[in-house]
Structure formats: structure tokens, C-alpha cells
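Inspection log for the structure reproduced underneath, given as C-alpha cells.
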Amino acid sequence: TFRAFAVVEEDTTFGEEKTFVTLDDSGIENVAKENTISIYPNPAHNNVTIEGKGEVVITNSLGQIVKKINDNNVYRTLNIKDFERGVYYIKVGNVTTKLVIE
């Protein structure tokens, strides 16, 4: 599934969620949902939504843990107003991705 979003100043608007199916002979291996995460908006200003199952660990560019969330929710919206501008890394389960805070 996927959906578009638009950020105008401090307001985020989300489009309709769409679904697509790959063909069996596409050459793409099946990947379990537990091994995927989605973070938006990115870059972010005040809030960020994290989609993914598992514990969330956010580290700064020095590798220091700045936030840890111990739950198994799939959707989380975090207030990041108090985070300093810069690059952060978000790990959900065993998958890590980059977040830029402006």
C-alpha cells in the first residue's frame, strides 16, 4: 500500500491509501510486513508518523539514543518539536531509516 502527502508550512495533508499487487513472476521476493517501516513527513518539523511493528529507537547522528518507545503499535505519531535540527536514525524492529528534522 502507499499514499501521497503534502506539507504546506506546518500542515500535512494525506491522500487516499492505494494498494498495488506485484505479479508472481516479477522477481521480487515477498517481504514480511514486520520488516518494513514508513516515516512521514521526512524532512519533518513538529510531528512525524512512524508506521512499523516493533520497538522504536531514535538515535542522533552521534549514535546517542534520544527516544525509545516500547510498544507494538503499527502507527505512531510523535511530537518532535523539542528535537534539535539534524539527522536522526529511527530503528523499528530490525529495520533502520534516516529522518531529517528541519
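Looking across the range 24-56 at every residue that is aliphatic (A, V, I, L, M) and surrounded by 10 or more Cβ atoms within 10 Å (Cβ to Cβ), the one that is modelled with the lowest pLDDT is identified as Ile37. Among what's in the range 79-93 and is open to solvent by less than 40 Å² (accessible area, probe 1.4 Å) and modelled with pLDDT of 90 or more, pick the residue that is farthest from Val56 (Cα to Cα). Filtering first and then ranking leaves Gly86.
The values are calculated or read from the model by the stated rules, or taken from the named source; none is laboratory data. As the structure is a computational prediction, the values presented were derived from the model and not from experiment. When we count neighbours, we look across all protein chains shown, and the Cβ atoms used for this are built from the backbone with ideal geometry, even at glycine. Side chains are part of the model used for accessible areas, which takes the heavy atoms of the whole protein and leaves out ligands, DNA and RNA. Shrake-Rupley method; radii C 1.70, N 1.55, O 1.52, S 1.80 Å.
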